[in-house]
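Only one structure is covered here, and it is reproduced in the block below.
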Amino acid sequence: MTIRPYTTADKSACLETFRSNMPRFFAPDELKDFEEWLDEQGKRDLSDNNECYFVIETNGRIIGCGGYYIRPDKTTAVMTWGMLHQQYHKQGWGRKLFQYRITAIREVCPSCAIQLDTTQHSAPFFGKMGFAVTKITPDFYGPGLDRYDMELKN
């Protein structure tokens, strides 16, 4: 298993991962947003640790991706676009990628609050990782996909 910074060569594998999670975890309308966001990540300065995006590989195959950014006031980190290819769910890979991201955030901003938003389908996973729900917005991402704002309990 390898976790490394995202490069533009990883785009198609990340899009495949996203598609494998539609429509249960991501609304189809979000695919264009994710693709545009990946394009911006490909232009980013990799030495800037205030925003990072990673891929997780096993046996030479990218099976997931996820990242974070630190808000300019340096008080909050937000986890971004975290996902595993659907066929790798519930095998421990998500936990490894999650823990890697938390460690990376803590190295850059030890006192940052860590937040994320997700759907009701992924919220239980993050609850097991120590996150608490702070707000629920019904149908935010699309019909039947509620937004759960969550924050890591310290």
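The values are calculated or read from the model by the stated rules, or taken from the named source; none is laboratory data. Just so it is clear, the structure is predicted and the values come from calculations on it, not from any experiment. Methodologically, a virtual Cβ is constructed for each residue, glycine included, from the backbone with ideal geometry; neighbour enumeration extends over all protein chains shown.
What to note about this one:
- Cβ separations smaller than 9 Å between residues 6+ apart or across chains give the following pairs from region 30-52 residues that are in contact (Cβ under 8 Å) with a residue 40 or more places away in the chain to residues that are assigned to a helix (DSSP H, G or I) and acidic (Asp, Glu): ASN49/GLU107.
- Screening region 62-85 for residues that are among the aromatic types (Phe, Trp, Tyr) and under 9 Å from the mean Cα position of the chain (by Cα) and picking the one that is surrounded by the most Cβ atoms within 10 Å (Cβ to Cβ) gives TYR68.
- Applying the criterion of being of a type in the set (Val, Ile, Thr) and touching a residue at least 12 places away in the same chain (Cβ under 8 Å) to the residues of region 92-109, the residue that is farthest from THR80 (Cα to Cα) is VAL108.
- Consider region 1-48 and keep the residues that are among the small types (Gly, Ala, Ser), at pLDDT below 95 and within 17 Å of the chain's Cα centre (by Cα). The one that is nearest to TYR68 (Cα to Cα) is GLY42.
- Subset tally (residues that are part of a loop (DSSP other than H, G, I, E, B) and in contact (Cβ under 8 Å) with a residue 60 or more places away in the chain) for region 117-136: 2
- Qualifying residues in region 86-115 (those that are within 18 Å of GLN41 (Cβ to Cβ) and either of a type outside the set (A, V, I, L, M, F, W, C) or in a strand (DSSP E or B) (or both)) - the one farthest from the chain's Cα centre (by Cα): TYR100
- Selection of region 137-154 for residues being part of a strand (DSSP E or B) and surrounded by 13 or more Cβ atoms within 10 Å (Cβ to Cβ) yields PHE140, TYR141, GLY142, LEU145, ASP146, ARG147, TYR148, ASP149, MET150, GLU151, LEU152.
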